[in-house]
Structure formats: C-alpha cells, structure tokens
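Every number in this text was worked out from the coordinates using simple rules, so none of it is lab data. Everything quoted here is computed from the prediction, not taken from an experiment. We place every Cβ from the backbone using ideal geometry, glycine too, and count neighbours over all the protein chains shown.
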Amino acid sequence: MSSIFTDDIWLGKRRYVTPSSDFAHHGFDPGRFEMGKACLVTFSSSLFHEVLERVQVVEDDFRWPYKTTPLKICTTPSGKRFGVHFPSYGGVRIANSLEQLAACGYQYVLGLGLGGTPREDVEIGDIVLLEGAVRGDGVSRYYAPVEFPAVADFDLTGMLAEKLRVNGESFHVGVSFGTDALYREVDTLVGRLRSLGVLTIDLESSAFLTVGRRLGLRCCWAGVVSDRLVGEDHQGNIHAEHVSDTLLRLFDYVLQVIDTL
C-alpha cells in the first residue's frame, strides 16, 4: 500500500517554517531570558492555573507570544528557574509545543496529566507513571516511522519513581495508548488494549514521548487516572475535578525532581 509517509520524509532537512522563524515573526527572542533547563507541561488548563498558584512566577518582561498556549517562567523553592506550560489538547498541539520548547533551549520536559484506564485492577485516582506509549496518534508519523518507539526517558522516570516510593505513594508503571479520537474509544479497541495490558488511554502521551525523543528532549509522563473504560458503561468524570488533589500532590514530587536537574 502506498503512503505519503515514505522513508524520504524523515531525510529532508529544509523546512519552510521553523520555531525560530515563527519566534522572529512575533518579535520573540528566547535568548534574552533565563528560562531554566526544565519545563513542566500540564495537559489541563485548570491544572496549569492551579500549579501557578503554588509556585513563584518570575515577573519580568518575559512575554510568550502565543496566548492560547501559555508559558510562564517560575522558580523552585531553592530558586531554580523552570517553565510551566499548557500546550492545549491533543497530539498536534503537543508536537508544536515541544518544537517551541526545544527551540527555547529546554532539555527536560515533564508531563503531568490524566488518563482513562481499560483495566479492572486500576482505580480512579490512582497515580500512573509511564514507561512508554502505543502510538495511536497521527502527528508522530511526521517525525518517525511507526516502528520507532514512544519511550520515556529512563533516568528522569526513575527519579520521579523514587520520589514516589520514598514518600510512601502507591503507583502503577506501564504503557499508555495515545489517541487523537476521544469519541472513537469503541469496545473492540478498548478490549484489545486491555488484553495487551495497556495501563491508560489519553490524548497526549504517544505524541509527547515520540516527538520529544526525536527532538532530543528528555521527557517523562506522570498522571492520575480520571475514568475507567471497563464493563458496559463509562465510569468517572473525564474532566476529573475530583482527582485534582492527587494531581497537585503529584506536582509537588515533580517539582522536587525539577529542583535537582
């Protein structure tokens, strides 16, 4: 079967639009600012604002040029600078944001989000730490062939796992399924994912881990189970206000890891 996604698509060097040229169009020069080495990406707008209430935002002349996908420069309790970013939803936006973050000089990107589970042994409110993802998204095919794995950074993931363990937190470790189609989660697909032992389903992880690795970023993904796709009915709330406390507790551990980078 022929496809637009042939081998030579990944060999081309010249791009018509780059993040740097886009920055220049908006009069933004990331080299003017001390932005830190790490960026926290929240896959929820409400979580983005809740996080900003818990950290010190650096008040200077920094102005991110994209209002719908805000980025703030913040400091850890020890004074280390890092970014907090909301890229909006879905794989395409995640990919665009990672391109921009890489162009800003970030080396580490830590994702904090939500996912539904197809598994009977996982409950709403459980903490999840991803090792990798099944690539069900579309945008990552522009970065690498389907055989290229969506894998989290081993060291970064291990650091966060250790923070959870020493603080007595229980959590699941496994793989997710990243999809672009929230309303196409049919029983046959979910059943196949369950049989493969997939831990969660979300809209970001496969693009996040694939694109991040291809751009040379060290990425990890942690989150909280917001809903369950088991039995005959959907269980839980995909907007997951009721798991926000766990998400914010998880953020505290992520912040501790950022402080060591």
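Given the rule -39500 (n - 2.57) for each run of at least 4 DSSP H residues, summed and divided by the residues of the chain, what is its mean residue ellipticity at 222 nm, to the nearest 500 deg cm²/dmol?
Result for the chain: -8500 deg cm²/dmol, rounded to the nearest 500.
Mind checking which of Gly91, His25, Tyr106 is farthest towards the positive end of region 1-135's charge dipole, using Cβ charges of +1 (Lys, Arg) and -1 (Asp, Glu) about the Cα centre? Towards the positive end, the residue furthest out is His25.
Across Lys37, Lys67, Lys163, mean-square fluctuation computed from a Gaussian network of the chain (C-alpha pairs under 10 Å connected) peaks at Lys67. The spacing between region 52-71 and region 118-172, judged by their C-alpha centroids, is 27 Å.
Taking other Cβ within 10 Å of each residue's Cβ, how do Ile73, Ile258 sort, fewest first?
Numbers: Ile73 20, Ile258 23.
Neighbour counts put them in this order, fewest first: Ile73, Ile258.
Each label was represented as a point 7 Å from its Cα along the Cα-to-Cβ direction; for Arg249 and Asp180 these points are 3.7 nm apart.
Net charge around Glu120, counting only other residues with Cβ within less than 9 Å of its Cβ (Lys, Arg = +1; Asp, Glu = -1)? Each step should come with its number before you reach the end.
On the way: positive: Arg119, Arg194, Arg228; negative: Asp121.
Surrounding charge for Glu120 is +2.
Given +1 at the Cβ of Lys and Arg, -1 at the Cβ of Asp and Glu and no other charges, the dipole of the chain around its Cα centre is 880 debye to the nearest 20. Stokes-Einstein diffusion for region 7-258, with the hydrodynamic radius set to the Kirkwood value over Cα pairs and evaluated at 10 °C in a medium of 1.306 mPa s, equals 86 µm²/s. For region 102-203, the convex hull drawn through the C-alpha positions has a volume of 128 cubic angstrom per residue. Under 18 Å from a point 7 Å along the Cα-to-Cβ line of Asp121: which residues of region 223-238 have their amide N that close? 225, 228-231, by backbone N distance to the label point.
Among Asp245, Asp137, Asp126, the largest mean-square fluctuation in a Gaussian network model of the chain (Cα springs under 10 Å) belongs to Asp245.
Given Cα pairs under 8 Å that are at least 6 residues apart, what percent is the relative contact order of the chain? Present the calculation step by step, with values, prior to reporting the outcome.
Working: 497 pairs, mean separation 64.4, N = 261.
Relative contact order comes out at 25 percent.
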